[in-house]
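Accompanying notes for the structure given below.
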Amino acid sequence: MNEQLIECVPNFSEGQRPEIIKQITDEIEKIEGVKLLDVDPGYDMNRTVVTFIGNAKAVKEAAFNSIKKAADLIDMSKHKGSHPRMGATDVCPFVPVSGITTEECIELSKEVAKKVGDELGIPVYLYEKSATKPERENLAKIRQGEYEALEEKLKKPEWKPDFGPTKFNAKAGGTVIGMREFLIAYNINLNTREEKYATDIAFELREKGRSARKGGDGPFYFKSNDILKYEAGSYPTGLDDFVGKTIDETIKYCKEKHNFDLAELLDLNGIDPKKPEGQSVKIPGKFKHCKAIGWMVNKYDRAQISINLTNYKVTSMHHVFDETEKLAAERGLRVTGSEIVGMVPYPALLETGKYFLRKQHRSTGIPIRDILNTAVQSLGLNDVSEFKIEERVLGLPKNLDTALVEMKLTDFVDEVSRETPAPGGGSIAALSGALGAALSSMVANLTANKRGSDPETDKILNEAADKCQEIKNTLVKAVDDDTNAFNDYMSARRLPNKTADEKKTREEAMQNGLKQAVRVPLNTAQLSYQAIEIAQTVAKYGNPNSITDVGVGAQSAYTGVLGGIYNVLINLKDIKDEKFNSDVRKTCEELKDKAQSILKEVLDFVESRL
């Protein structure tokens, strides 16, 4: 049910003239399929961060048009601001949210970059996941020297742009484009007003870590005489007993007493402890792709750990949250909740919900909204401000307001009963299959993860519940898909057919429409068959007191199989592609036979227990 969704966050070098910013964002809002989420201007930085989302085609067009408008309106030769910048559109990242792969998003970023370089004459560098060289992955490295250094940089072979001219564009400057992972701005709240505690925990969490020291007193140094030296009062608690010892003795102590490989860390950082000038030593933090600081938030009357998760697929909110609770408890503190600033990707919050359900020894095979609510409750996302799932989750699966499945049950039944041909048997077949899968999921969840239950049985039933939810969600969508496919065919029939070309176009559209009107109910039949298979498993392992629910579910799913097949066959007779026709008929016959056989087994088993 996931729609294709990409987030684009262009940064424009203008934050002081609202009328200029408005003209740029107007170019974005003109594009159908794009939604402008946020416009965040900074006067002193003289920079505006814009956030919009949409499908690949729409985002691509909106990004290019906004970059073009910025190049028309912003003169970088006159630009001043506190934020580093090198162009009118300084950076334009694309972030895959749902329905698109990393590789596809990288390709999209390259297509936009090429178009900007070729058509606008702007030098473009690719960064992050789109980078063509390792040294260009980091935005700060590309932007070093900023706009003022760009003219000379372009003359150097190693800084030849990925797209566009090597000639300096004095008005537009240069632009950096690429695909990056979604950045989650995530704050964790503590029951203290002491900023130092939040800072201390932030150092433990963040990838950069902390200097090997106590509190904030200063790092320790190795000197050329092989003896560990400290600035006054700077050594960590518990390490004072090796002050004055050799490097080898210190390394051994760190490993044995603190499970900290000082030798490896020095080597990784290219530090030679025997250099006369000495080097400070960093102890790495617990999480990759995690940036964190501590601060006091007067508005909330508590300290917060402010976190940026730059790759939530590697480091998640729930793992950082759990670790923060441990670190807080060690300091006599409590985590009161947390806060997401801005948007969060649907897959990130969904996985968080599943993580906490597993910790609670509960099934993850439950409705999506229940999983998301579990995430919100477990992270305490309503602690300092209200968190509304509908407004804050990017890529949240949802139906159109006009969708059949959004109707009240009585209204849907009335709609089916009217004299219109759709919704008809195909939609009802999909609904039947969805209800069949839902009943098996219910029985699996009623049985598994109870006190004294068998772990192997729990595993079988949890997997069954997960699969049932997947089938249920797809078939619910098929309720509308079937009606839409029929309506598309009817639209094709209404095409003009007076001339030879019109007749040919109409016939092709009708044949394509019929094939789609076959594929949708065929998928309904196949998924409903899978629901019967799962019902057989749940009948065997589920709670005997709920076995009749499994029987009703299997019978309902069989209606989905048979109803889907009927809708396939009624449309096949008008399809002229003989191979397609023959292959689908054979599939339907085999599917019907298997469904009848397994349904009989399930019902016989159910009735034997009554």
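The values are calculated or read from the model by the stated rules, or taken from the named source; none is laboratory data. This is a predicted model, so every value here is computed, not measured. Glycine gets a Cβ as well: all are built from the backbone with ideal geometry, and neighbour counts include every protein chain shown.
What strands (runs of 3 or more DSSP E) lie completely within segment 34-140 and have 3 or more residues being touching a Cys at 6+ places or on another chain (Cβ under 8 Å)? Spell out how you get there, then give the answer.
Details: elements: 34-42, 47-54, 89-98, 124-126.
Filter on segment 34-140 gives 47-54, 89-98.
Which of the residues that make up segment 1-36 are of a type in the set (A, V, I, L, M), under 30 Å from Asn473 (Cβ atoms) and surrounded by 15 or more Cβ atoms within 10 Å (Cβ to Cβ)? Steps first, please.
Just the residues of segment 1-36 that are of a type in the set (A, V, I, L, M), to begin with: 1, 5-6, 9, 20-21, 24, 28, 31, 34, 36.
Of the ones still in play, those that are also under 30 Å from Asn473 (Cβ atoms) are 1, 5-6, 9, 31, 34, 36.
Answer for segment 1-36, where residues must be of a type in the set (A, V, I, L, M), under 30 Å from Asn473 (Cβ atoms) and surrounded by 15 or more Cβ atoms within 10 Å (Cβ to Cβ): Leu5, Ile6, Val9, Ile31, Val34, Leu36.
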Scan segment 540-570 for residues that are within 30 Å of Thr457 (Cα to Cα) and not in a loop (DSSP other than H, G, I, E, B) and report the count. 20
Within segment 48-81, considering residues that are within 27 Å of the chain's Cα centre (by Cα) and basic (Lys, Arg), the one nearest to Lys22 (Cα to Cα): Lys60
Take Ser546 and tell me if it is over 22 Å from Gly424 (Cβ atoms), out of contact with any helix residue (DSSP H, G or I) (no Cβ under 9 Å at 6 or more places or on another chain) and surrounded by fewer than 24 Cβ atoms within 10 Å (Cβ to Cβ). no
Result of the Cβ filter at 7 Å on segment 402-422, keeping first residues that are in contact (Cβ under 8 Å) with a residue 24 or more places away in the chain and partners that are in a helix (DSSP H, G or I) and polar (S, T, N, Q), at least 6 apart or interchain, is Leu404/Ser427; Leu404/Thr483; Ala422/Thr483; Ala422/Asn487
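Does Val39 satisfy the condition of being in contact with a Lys or Arg (Cβ under 9 Å, 6 or more places away or on another chain) and crowded, with 23+ Cβ neighbours inside 10 Å? Explain how you work it out, then say what you get.
Values: in contact with a Lys or Arg (Cβ under 9 Å, 6 or more places away or on another chain): yes; crowded, with 23+ Cβ neighbours inside 10 Å: no.
Considered against the rule, which asks whether it is in contact with a Lys or Arg (Cβ under 9 Å, 6 or more places away or on another chain) and crowded, with 23+ Cβ neighbours inside 10 Å, Val39 comes out as no.
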Failed condition for Ala63, given (1) small (Gly, Ala, Ser); (2) on the phi > 0 side of the Ramachandran plot; (3) modelled with pLDDT of 95 or more, with all others met? (2)
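If you check Glu111 against the conditions, is it closer than 30 Å to Asp480 by Cβ and touching a residue at least 24 places away in the same chain (Cβ under 8 Å)? Steps first, answer last, please.
Numbers: closer than 30 Å to Asp480 by Cβ: no; touching a residue at least 24 places away in the same chain (Cβ under 8 Å): yes.
Here the answer is no, as Glu111 does not meet what is asked.
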Just one of Thr410, Thr364, Thr402 is within 20 Å of the chain's Cα centre (by Cα), among the hydroxyl-bearing types (Ser, Thr, Tyr) and under 30 Å from Gln526 (Cα atoms); which is it? Thr364
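So which residues in segment 172-189 are at pLDDT 95 or above and closer than 18 Å to Ala113 by Cα? Before the answer, list the steps.
Kept after step one, since they are at pLDDT 95 or above, are these residues of segment 172-189: 172-179, 188-189.
Residues satisfying the conditions are Ala172, Gly173, Gly174, Thr175, Val176, Ile177, Gly178, Met179.
Residues in segment 515-524: is at least one in a helix (DSSP H, G or I), over 30 Å from Arg493 (Cβ atoms) and at pLDDT 90 or above? Explain how you work it out, then say what you get.
To start, the set of residues in segment 515-524 that are in a helix (DSSP H, G or I) comprises 515-524.
If we keep only those that are over 30 Å from Arg493 (Cβ atoms) as well, we get none.
No, every residue in segment 515-524 fails to be in a helix (DSSP H, G or I), over 30 Å from Arg493 (Cβ atoms) and at pLDDT 90 or above.
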Within segment 570-592, can one find any residue that is in the same structural domain as Glu470 (by TED's automatic domain parsing), surrounded by fewer than 21 Cβ atoms within 10 Å (Cβ to Cβ) and touching a Cys at 6+ places or on another chain (Cβ under 9 Å)? yes
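If I go through segment 571-600 residue by residue, how many of them are in a loop (DSSP other than H, G, I, E, B) and basic (Lys, Arg)? Explain how you work it out, then say what you get.
Let us first name the residues in segment 571-600 that are in a loop (DSSP other than H, G, I, E, B), namely 573-577.
Restricting the remaining residues to those that are basic (Lys, Arg) gives 573, 576.
The number of residues fulfilling the criteria is 2.
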Looking only at segment 131-168, count every residue that is in contact with a Gly (Cβ under 6 Å, 6 or more places away or on another chain) and in contact (Cβ under 8 Å) with a residue 60 or more places away in the chain and tell me the total. 2
For a quick check of your reading of the model, give me the residue pairs whose first member lies in segment 67-79 and is over 12 Å from Thr175 (Cβ atoms), whose second is in a helix (DSSP H, G or I) and not acidic (Asp, Glu), with beta-carbon atoms closer than 8 Å and at least 6 apart or on different chains. Lys69/Gln23; Lys69/Ile24; Leu73/Ile20; Leu73/Gln23; Leu73/Ile24; His79/Tyr147
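Conditions (1) closer than 30 Å to Ala509 by Cβ; (2) of a type in the set (Lys, Arg), marked per residue:
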position: Ser528; (1), (2): yes, no
position: Ile534; (1), (2): no, no
position: Lys540; (1), (2): no, yes
position: Val584; (1), (2): yes, no
position: Gln596; (1), (2): no, no
position: Lys600; (1), (2): no, yes
Cβ-Cβ under 6 Å pairs, at least 6 apart or on other chains, segment 92-106 side closer than 17 Å to Phe64 by Cβ and modelled with pLDDT of 90 or more, far side among the polar types (S, T, N, Q) and assigned to a helix (DSSP H, G or I): Phe94/Ser109; Ile106/Ser130
